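Taken together, the values in this text are just the output of simple stated rules run on the coordinates, not laboratory data. Keep in mind it's a predicted model, so treat the numbers as computed, not measured. Here the Cβ positions follow ideal geometry from the backbone for every residue, glycine too, while neighbour counts run over all protein chains shown.
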Ligand SMILES: Cc1ncc(COP(=O)(O)O)c(C=O)c1O
């Protein structure tokens, strides 16, 4: 064991939680630097070093990244530092640079990124801003999170649009066919998740966006689970909008997110929630006649006002953290653990009803399942009693369970869950 590592572990356990000295943090971060090289998803020593950088308690097996991604120390420290900086010196602003960093991370231009506070903000901006009339249709899934379902359902109630839903297929091909079957001459938007929250299936999103473009339909994507789980290139994907957050797979501060709006789509997507930064500086209440000004010539038109600098600096640190390990290495490890969960569940036998596809391109970090003859709420409570945090999925009558794993997890935690499943079948 190196001196750096010994010092780091000593201080991590001594402080138990939130604060590491800068030196320890640098040493621990240094240890996980890959400098662009590949790391095996099965190199448990390496991934254990990564785990040391998270204050996440070891008393619980946290298998619920799909709800919230616990941040590592560098993110927490950057957030604290920049919050303190603002409060100490009275500096104001500085969050716009995070849009630039996010843009590079997801394959977009900086003028296509609006900062938001969560996925819900981004979905609402897109849902209420697209031109769509009474009687025209939008396609969603039967696997929606409330954050994607409810805005569209409210627009149905208020504006008379028609919401239609497909059930994901077992393969990417089947899913595409189901979407095609729902398209009519009234379809104006496909507002699908990239990855539904219920069972984590990876949809063939590029094909969906291409299909939408070919039929002159808007592609309004709920990207809650994309960035940080998969390498994302939004220009290549070809969507019109993509709403995401930094507090799930990116492991950033809670209450941070972004909305991508394709440059050419910004004149089509109306903005309603405007203020400081979403204008072009040309309005003037004292001129005669009053000058209205115009929207900012970028996605900044979709947000305005004061933001939490500390939180967005935490997002910068989250992207740095991901890049220290490498997005491909992270994806490979996540996918490896997801397959370990899936294979482990399937090996238990026919009492397990897996609801995530086994097709390689359709699966990654999240698995949904039911246990025949066992009420999902009962098993969820049993997990909590045994200090295993998973998610129960009551939405859309799915009545199932969801396990989601990230880079801080290990196989022992997954085994703990699998042993518990075996004990009830
Ligand atoms: C698929 C999906 N969409 C939307 C949301 C809403 O996200 P947020 O809480 O960041 O608004 C979630 C949250 O879990 C989700 O899983």
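Report the Cα centroid-to-centroid distance between region 201-258 and region 57-96 in angstrom, as an integer.
For region 201-258 versus region 57-96, the Cα centre distance is 23 Å.
Which semi-axes, in whole Å and largest first, does the equivalent ellipsoid of the chain have when worked out from the alpha carbon gyration tensor as the square roots of 5 times its eigenvalues?
Working through the eigenvalues yields semi-axes of 36, 31, 17 Å.
How are the C-alpha pair distances of region 130-212 spread across 10 Å bins, as whole percents from the shortest bin up?
Whole-percent P(r) values from 0 Å outward: 18, 53, 27, 2.
Pop out the Kirkwood hydrodynamic radius of region 252-318 from its pairwise C-alpha distances, inverse of mean 1/r, in Å to one decimal.
13.7
Tell me, what is the Rg over Rh of region 96-320, with Rh the Kirkwood radius over Cα pairs?
In region 96-320, Rg relative to Rh is 0.98.
By counting other Cβ atoms within 10 Å of each Cβ, how are 283, 249, 152 ranked from fewest to most?
283, 152, 249
When the helices in the chain are scored as -39500 (n - 2.57) per DSSP H run of 4 or longer and the sum is shared across all residues, what 222 nm value do you end up with, to the nearest 500 deg cm²/dmol?
Computed mean residue ellipticity for the chain: -12500 deg cm²/dmol.
Please arrange 207, 35 by how many other C-beta atoms lie within 10 Å of their C-beta, fewest to most.
35, 207
Wrap a convex hull around the Cα atoms of region 183-315, take a quarter of its surface area, and give that in square nanometres.
10.5
How would you rank 366, 403, going from fewest to most other Cβ atoms within 10 Å of each one's own Cβ?
366, 403
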